[in-house]
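First comes the structure, then the notes that go with it.
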Amino acid sequence: MLGLFKGMGITLKNMTKPKVTLGYPHEPIKMPDRFRGIQHFDPEKCIVCNQCARICPTNCISLTGKKHPDPNKRGKIINTYDINFEICILCDLCTEVCPTEAIIMTNRYELATYSREALLKDMKWLHANDQMIRQDNISSKPKRGGK
Amino acid sequence: MSEEKEAKKPAAPKTPRAAQAAGRARPVPPRGRAAGKPKEEKPLPPSPKQPVVDGYAKLIREKISPEAVESAFINQPNDHLPTLVIKKEFWIQVAELFKNQSDLAFDYMQNYSGVDYETHLEVVVQLYSMARGERVCFKIKTDREVAKLPTLSNLWSAADWNEREIYDLLGIDFEGHPDMRRMFLPEDWVGHPLRKDYVPLDEGV
Amino acid sequence: MLRTEEMVLNLGPQHPSMHGVLRLVVKIDGEIIREIEPVVGYLHRGTEKLAEDLNYTQIIPYTDRLDYLSSMTNNYVVCHATETLMGLEIPEKAEYLRVIVMEMNRVASHLLWLGTFLLDVGALTPFLYCFRDREQILSMFNELCGARLTYNYMRVGGVKWDAPAGWLDKVKNFADYMINEIQNYHELISGNEIFLQRTKGIGVITKEMALSYSLSGANIRCTGIDWDLRKKQPYSVYDRFDFKVPLGKTGDLLDKYHCRMDEMVEAMKIVKQAVEGFPEGGATMGKVPRVLRVPEGEVYVGVESPRGELGCHIVSKGKDKPWRIKFRRPSFYNLQVAKELLVGQNIANLVAILGSIDIVLGEVDG
Amino acid sequence: MDWYIFVYPVILLAIVLVFVMYAIYFERKVIGWIQLRKGPTETGPKGLFQSAADVFKLLIKEDIIPSKADRPLFKLAPILAYVPAFSVLAVIPFTDAPYLKFSNVAVGLMYYLALSSITVMGVLLGGWASNNKYSLLGGMRAGAQMISYEIPLVLSVVGVVMSAGSLNLTEIVETQIAGAWNVFPQFLGFVVFIIAAIAELNRTPFDLPEAESELVAGYHTEYTGFRFAFFMLAEYTYVFAMASLITILFFGGWDAPFGLTFIPPLVWFILKFCCFVFLLFWLRATFPRLRGDQLMEFAWKGLLPLAIINIFVSALLKEVPFLSQYF
């Protein structure tokens, strides 16, 4: 019988302890800097190297490039850039391979919508998603190639 | 730290295992870039486990049949794992011998998987002996068209579901299995997905 | 004896205590189980097939979703298998970080097991206490790698992130807190007579069963068989830490419970040692080629996940993608024994025994 | 016949309904606090209207009867469960004031115990008529459990009845006011009674009939809408009734302890009553569930002998010169 009363003591003690639950959605949850949320995309930095689309494990990134409008400059600029958040698993590999930090993670995590179509985010939307951008990007990036 | 330990044995992990696989004619894999700094092809230092695997092979040849062992070698990168390729006709006898003989006593099945090599199917069984702390790996090849192997479920109960899984995904029929049904996929599924020539019914998401 | 009619009861795939989408077709006589047939596959996503078309880095996020309660060990096993085959050298710092997160993940996983197991035997409250503590681990993981469940933290050759400033102190404080907190759990649960009644002598696994069914983790250790891969086939830097492997005696649910509780304490001790011996400088990634081409060969490695021996069997043909990758999923092996354990029990025991095996359906179904 | 005979029961029904709503609310709050949560907070200030919203939701829900169910019995079951639950309140005296006693029946206790055992019929019927295997198992468990625990429950109050020399609940209280609260001389009886009462109420650790992790929702798995509401109502009305009964039988009803008579008797009653209700919630948050066979064993091999011993000891001590005033 003692064990039963001991347990009752523990539960009674916990009754007055501060509550640990959060009042979401009234108070938004603050995510740490490294949190992998919805990506922000900066078209000006993108060099259309296609690495993000290639590394993506779920093939949710599709992009097309076009010739640089300035004929003196070489290379391409980005034309369209879509991420399908129906299948994106926010694994962070696209930002890891991006050589110019054109695509980076933000702290935004709310993706619920009313339709599947709304989950297909285009370049404009991703560019406008510029709040709470992750700061800690390059410093701890895996150093590949034995530098 | 296993990686460090291996690194101390020079060249051991970086050398293609096929070199020892006397019985298995395999091309030397492309190396160099993948393994970091290119290194000279050196003859392998003999593995400390070499006598063990030779002993196993000898035992099988003596006790069961001289033809039972197709090849026996040490998988050096994999922590010097003694590996024996057994002909499927003798496989069940070999398994019984290795489980029941008291000085072998491989009573624990660590892993049981199947591989499709396009030319043939293969099951790989890793056994462990709790009493002796020894590991051994068996490989048994079977034909792709008539994929049949004897069941191990009478020896290790763990083989039961694993064989069903292999049957489901690779289409190897285990003869004598008490309940040879698909494990994961529905009964009316067509094909065995882990075969290399399997065509998915539903392309893309 | 009254003759009663047997009845087929279909438990799951949606049922409050089925821990995912397991389905049990049970033939019961009154409440006594006469026959039982587990049906799995409702969560089969074909990870092994998908992985054949992915390169080694891309496989890592997929492993997060196998055993989604201990993604760190899943990450580790695929990295470890690849590294073993490539013969890579891992920086010390990365290995320490790996050990810390794996052991913390073990505690998080055991806490969730504890909560749900007690929920299965009908106690509501410990579940929330377990979640409170698990939550702290998850927030620390969130700070470290930016996710709470699907970490995708490890890479072939190291880990993605170094520990952020002050993180190791947090970990150490948490380890101290947790060791103390487990005493509270013992006070709340271990002495409870109803709990003892529900677990003592129930669902006994014999040594022979454990070996024959290749059980691992607490399911084999509760029978007294000393089988912990961290000791038996040491990987990473586990050989540097001093920890015990808790063993049971009888193999019943209570022993399993105590094994897992003691494992949490031991895991926290490892974490403390790892934080103390944490290397100052150094990289978090070893020397890894840009494109991971794994030399031809075959490898099987097993690591001790919270549920048991998590193995990874890779057949490589020298490409950047594996020819065949097979995960030895401990839940899949452990669940098999349920069929033998459950016949002759009643429904209340079924729920408790099934809960004690600690299965994760993402792992069973692969 | 006075007019209030018709009005007071309606008021009482309203009080019971409000009690049920707020008992559920406080149950969720208390368990929430114990589990370091906040409990309901959204509907109304501090979530006060949460239960009202729940009840409203249940009332406007579609009434679903499974096509394979036994329709008449399926409909009858919740009524059969609820009507006795409310009827038993008729004999409970809340204070000494005459207007708060509905019927001063001479065999009040007997009436309570007899009527309350009808509820198990409703539960059993509901479980059977749903034509659902979980419901059936839940109904069977409920039947076995409630009938088994009724016996120690009845036997444990025999000591109280002997000391009061009456089955009338008002008289039982009055003897306690004159002597000591029954909880002290009848401690063994009290322990047996409270355990059996919790089992009768199907609450943790005896909540087998609706064991969520085993039987989904037990006997009311197939019930929705207002029929489900009736089962819930019956359950919580019994909490109300049982808490009142314990207060009356063992804690002196409205008797003010330590001479604190300036506090009105009704308040004392409510205070004691709330303590028991809180105990139920507290137990629910702490204990795991017993297993069926253990439950039966406990009733027949544990509680029943104890209750019988209690009767004998009470009878014996009634003859001891000094102690007899308490027995």
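The set of residues from segment D:11-35 being more than 18 Å from A:Met8 (Cβ to Cβ), touching a residue at least 60 places away in the same chain (Cβ under 8 Å) and aliphatic (A, V, I, L, M) comprises D:Leu12, D:Leu13, D:Val16, D:Leu17, D:Val20, D:Ala23, D:Ile24.
Considering (1) touching a Phe, Trp or Tyr at 6+ places or on another chain (Cβ under 7 Å); (2) surrounded by fewer than 19 Cβ atoms within 10 Å (Cβ to Cβ); (3) within 14 Å of chain A (Cβ to nearest Cβ), the lone condition that C:Ile189 does not fulfil carries the number (2). Test C:Leu254 against the criterion of being open to solvent by 10 Å² or more (accessible area, probe 1.4 Å), more than 18 Å from the chain's Cα centre (by Cα) and more than 27 Å from B:Asn162 (Cβ to Cβ), and give yes or no. Judged against the criteria, C:Leu254 is a match. In this structure, C:Gln197 does not qualify as within 28 Å of C:Val77 (Cβ to Cβ), open to solvent by 10 Å² or more (accessible area, probe 1.4 Å) and among the polar types (S, T, N, Q).
Within segment A:31-66, the set of residues being on the phi > 0 side of the Ramachandran plot and open to solvent by 50 Å² or more (accessible area, probe 1.4 Å) comprises A:Asn50, A:Asn59. Here B:Leu185 clears all of (1) closer than 14 Å to B:Asp116 by Cα; (2) buried (at least 16 other Cβ atoms within 10 Å of the Cβ); (3) among the aliphatic types (A, V, I, L, M) except the condition numbered (1). Just so you know, in segment C:290-310 the residues that are over 16 Å from C:Tyr333 (Cβ atoms) and not hydrophobic (A, V, I, L, M, F, W, C) include one that is most open to solvent (accessible area, probe 1.4 Å), and it is C:Arg290. The residues in segment A:40-76 that are hydrophobic (A, V, I, L, M, F, W, C) and either assigned to a loop (DSSP other than H, G, I, E, B) or touching a residue at least 60 places away in the same chain (Cβ under 8 Å) (or both) can be counted, and the count is 7.
One residue stands out in segment C:291-308 among those that are facing another protein chain (nearest Cβ under 7 Å) and either among the charged types (D, E, K, R) or in a loop (DSSP other than H, G, I, E, B) (or both): the one that is farthest from B:Gly114 (Cα to Cα), namely C:Arg293.
Against the list (1) open to solvent by 60 Å² or more (accessible area, probe 1.4 Å); (2) more than 19 Å from the chain's Cα centre (by Cα), the condition D:Gly302 fails is (1).
Evaluated against (1) touching a strand residue (DSSP E or B) at 6+ places or on another chain (Cβ under 7 Å); (2) free of Cβ contacts under 8 Å to residues at least 24 places away in the same chain, C:Ala165 falls short on exactly one condition, (1). The condition of being at pLDDT below 85 and surrounded by 22 or more Cβ atoms within 10 Å (Cβ to Cβ) holds for only one of D:Leu245, D:Leu215, that being D:Leu215.
Scanning segment C:192-230 for residues that are of a type in the set (Val, Ile, Thr), assigned to a helix (DSSP H, G or I) and more than 14 Å from chain A (Cβ to nearest Cβ) turns up just one, C:Ile220. Condition test on C:Ile90, is it crowded, with 24+ Cβ neighbours inside 10 Å and touching a residue at least 12 places away in the same chain (Cβ under 8 Å)? Yes; evaluated as a whole, the condition is true for this residue. Taking (1) under 21 Å from C:Val107 (Cα atoms); (2) in a helix (DSSP H, G or I); (3) within 10 Å of another protein chain (Cβ to nearest Cβ); (4) touching a residue at least 40 places away in the same chain (Cβ under 8 Å) in turn, C:Lys172 satisfies each apart from (3).
Of the residues making up segment A:90-117, those that are open to solvent by less than 40 Å² (accessible area, probe 1.4 Å) and farther than 17 Å from A:Met132 by Cβ are A:Cys91, A:Leu93, A:Cys94, A:Glu96, A:Val97, A:Cys98, A:Ala102. Annotation: of all residues in segment C:231-250 being at the interface with chain B (Cβ under 9 Å from one of its Cβ atoms) and not in a loop (DSSP other than H, G, I, E, B), the one that is farthest from C:Gly203 (Cα to Cα) is C:Arg240.
Let's see how each residue does on (1) in a helix (DSSP H, G or I); (2) among the aromatic types (Phe, Trp, Tyr); (3) open to solvent by 10 Å² or more (accessible area, probe 1.4 Å):
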| residue | (1), (2), (3) |
| --- | --- |
| C:Val107 | yes, no, no |
| C:Gly115 | yes, no, no |
| C:Tyr129 | yes, yes, no |
| C:Ile137 | yes, no, no |
| C:Thr150 | no, no, yes |
| C:Trp161 | no, yes, no |
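Just one of the listed residues (A:Pro69, A:Pro28) is closer than 30 Å to C:Asp64 by Cα, surrounded by fewer than 17 Cβ atoms within 10 Å (Cβ to Cβ) and away from chain C (no Cβ under 12 Å), and it is A:Pro28. One residue stands out in segment A:1-23 among those that are surrounded by 13 or more Cβ atoms within 10 Å (Cβ to Cβ) and among the β-branched types (Val, Ile, Thr): the one that is nearest to C:Ala123 (Cα to Cα), namely A:Thr11.
Taking D:Ile172, is it buried (at least 21 other Cβ atoms within 10 Å of the Cβ) and under 18 Å from D:Pro152 (Cβ atoms)? Spelling it out, it is not the case that D:Ile172 is buried (at least 21 other Cβ atoms within 10 Å of the Cβ) and under 18 Å from D:Pro152 (Cβ atoms).
Of all residues in segment C:121-159, those being of a type in the set (Lys, Arg) and touching a strand residue (DSSP E or B) at 6+ places or on another chain (Cβ under 7 Å) number 1. Please verify whether A:Asp136 is under 30 Å from C:Met285 (Cα atoms), surrounded by fewer than 17 Cβ atoms within 10 Å (Cβ to Cβ) and within 14 Å of another protein chain (Cβ to nearest Cβ), treating the condition exactly as stated. Yes: the conditions hold for A:Asp136. Screening segment B:86-188 for strands (runs of 3 or more DSSP E) wholly inside it with 1 or more residues that are among the aromatic types (Phe, Trp, Tyr) and modelled with pLDDT of 85 or more returns the ranges B:108-116, B:121-129, B:134-142, B:173-175.
Just one of the numbered conditions (1) surrounded by 23 or more Cβ atoms within 10 Å (Cβ to Cβ); (2) outside any loop (DSSP other than H, G, I, E, B); (3) at pLDDT below 90 is not true of C:Asn74: (3).
Within segment C:318-330, is even one residue part of a helix (DSSP H, G or I) and more than 13 Å from chain B (Cβ to nearest Cβ)? No, segment C:318-330 contains no residue that is part of a helix (DSSP H, G or I) and more than 13 Å from chain B (Cβ to nearest Cβ).
Note on segment D:102-132: residues that are more than 16 Å from the chain's Cα centre (by Cα) and either closer than 21 Å to D:Val158 by Cβ or surrounded by 18 or more Cβ atoms within 10 Å (Cβ to Cβ) (or both) amount to 11.
Residues that are of a type in the set (Ser, Thr, Tyr) and surrounded by fewer than 21 Cβ atoms within 10 Å (Cβ to Cβ) were ranked within segment B:90-137; the one that is nearest to the other protein chains (Cβ to nearest Cβ) is B:Tyr117.
The values are calculated or read from the model by the stated rules, or taken from the named source; none is laboratory data. What you are looking at is a predicted structure, and each value in this text was computed from that prediction instead of being measured. Neighbour counts are summed over all protein chains in view; Cβ atoms, including those assigned to glycine, are modelled from backbone coordinates with ideal geometry. When the accessible area is computed, the model is the full protein with side chains, heavy atoms only, and any ligands, DNA or RNA have been set aside. Shrake-Rupley method; radii C 1.70, N 1.55, O 1.52, S 1.80 Å.
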